[in-house]
């Protein structure tokens, strides 16, 4: 039994990611049964999906799984993985991202002489500039170090033709498997809500189910919807407001108790506005 594997298989959605881990599990078993010492066989990854898909959680589970197998990837350092947003730097300015990466690597390795593990690079800001000299030099740097790291290149969703062109370019430097991480459906997000509220002993009656399903639908309609991040915050706010209320009784949530979180509520309007503002000021935004 492998706890990390089981947690991955229990994930809401992330079907392609789960299929990848199943493939790796077979690979690990076959390597174990092979008497000869084998080199690393795992490819690097291209993750395709917008913000809010639970990227950090997937990295946490994937790294824990790889470490538990012992024969798929070497780990060495203070952490098993870290994330790095590769900021866009125009050619007229000095390229400072390599030095910033070296600083992050120093933190990750601690007192050891090197870091071995998983690094996710969000290259979304370079989607319109990936043939620029700076990005080419960065990819050459990653290629030179790919024997020490599993490199996960993360990009936002793209039309298939553009994605194929990008993948072909990146594949000149790294062996890559593409994994699409789709935004969960409403029913999947609702299940996440019921599980999260259930951890606090709260259950939803039928009227509350209808209300929250409508709320999730309304949030998902926004082009700036932040997926699990937004829904997790919704759950936290529901728990806070319920247990702060003098009327909290039998821990059964009704439509009336959740009126402040309905589809047309000020709470939902504010959540959409805040996510839109966050995207516009540059967090996770593709460089124009």
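Here the relative contact order of the stretch 186-280, from alpha carbon pairs under 8 Å that lie six or more residues apart, stands at 40 percent. If one takes the longest principal axis of the Cα atoms in the chain, at what angle in degrees, from 0 to 90 and to the nearest 10, does the Cα axis of helix 55-69 lie? So the helix axis and the longest Cα principal axis differ by about 60 degrees. Computed FRET efficiency, Cβ-Cβ of residue 256 and residue 56, R0 41 Å: what is it to the nearest 0.05? Computed FRET efficiency for residue 256 and residue 56: 0.70.
Put simply, when 41-49, 161-169, 12-20 are sorted by average Cβ atoms within 10 angstrom per residue, most first, you get 41-49, 12-20, 161-169. Quick check on the chain: of the DSSP beta bridges with both residues there, what percent are antiparallel, nearest 5%? Taking every DSSP beta bridge within the chain, about 5 percent pair in antiparallel fashion. The protection proxy used here, the mean number of other Cβ atoms lying within 10 Å of each residue, ranks peptides 226-234, 130-138 as follows, highest first: 226-234, 130-138. Each peptide in 117-126, 90-99 was scored by the mean count of other Cβ atoms within 10 Å over its residues; highest first, the order is 117-126, 90-99.
Working note: 222 nm ellipticity from helices only, DSSP H runs with n ≥ 4, each -39,500 (n - 2.57), summed and divided by the residues of the chain, gives -15000 deg cm²/dmol to the nearest 500.
Entry note, the stretch 3-180: relative contact order of 31 percent, from Cα contacts under 8 Å with a spacing of 6+ residues. With a ≥ b ≥ c taken as the square roots of the eigenvalues of the C-alpha gyration tensor of the stretch 133-288, please select rounded if a/c is under 1.5 and otherwise prolate if a/b is larger than b/c or oblate if it is not? In terms of gyration-tensor shape, prolate.
Note on residue 26 and residue 75: the model spin-label points, each 7 Å out from Cα along the C-beta direction, lie 2.5 nm apart.
The angle between the Cα long axis of helix 160-170 and the main principal axis of the chain comes to about 40°, on a 0 to 90 degree scale.
Taken together, the values in this text are just the output of simple stated rules run on the coordinates, not laboratory data. From a predicted model like this one, the values you see are computed outputs, not experimental measurements. Methodologically, a virtual Cβ is constructed for each residue, glycine included, from the backbone with ideal geometry; neighbour enumeration extends over all protein chains shown.
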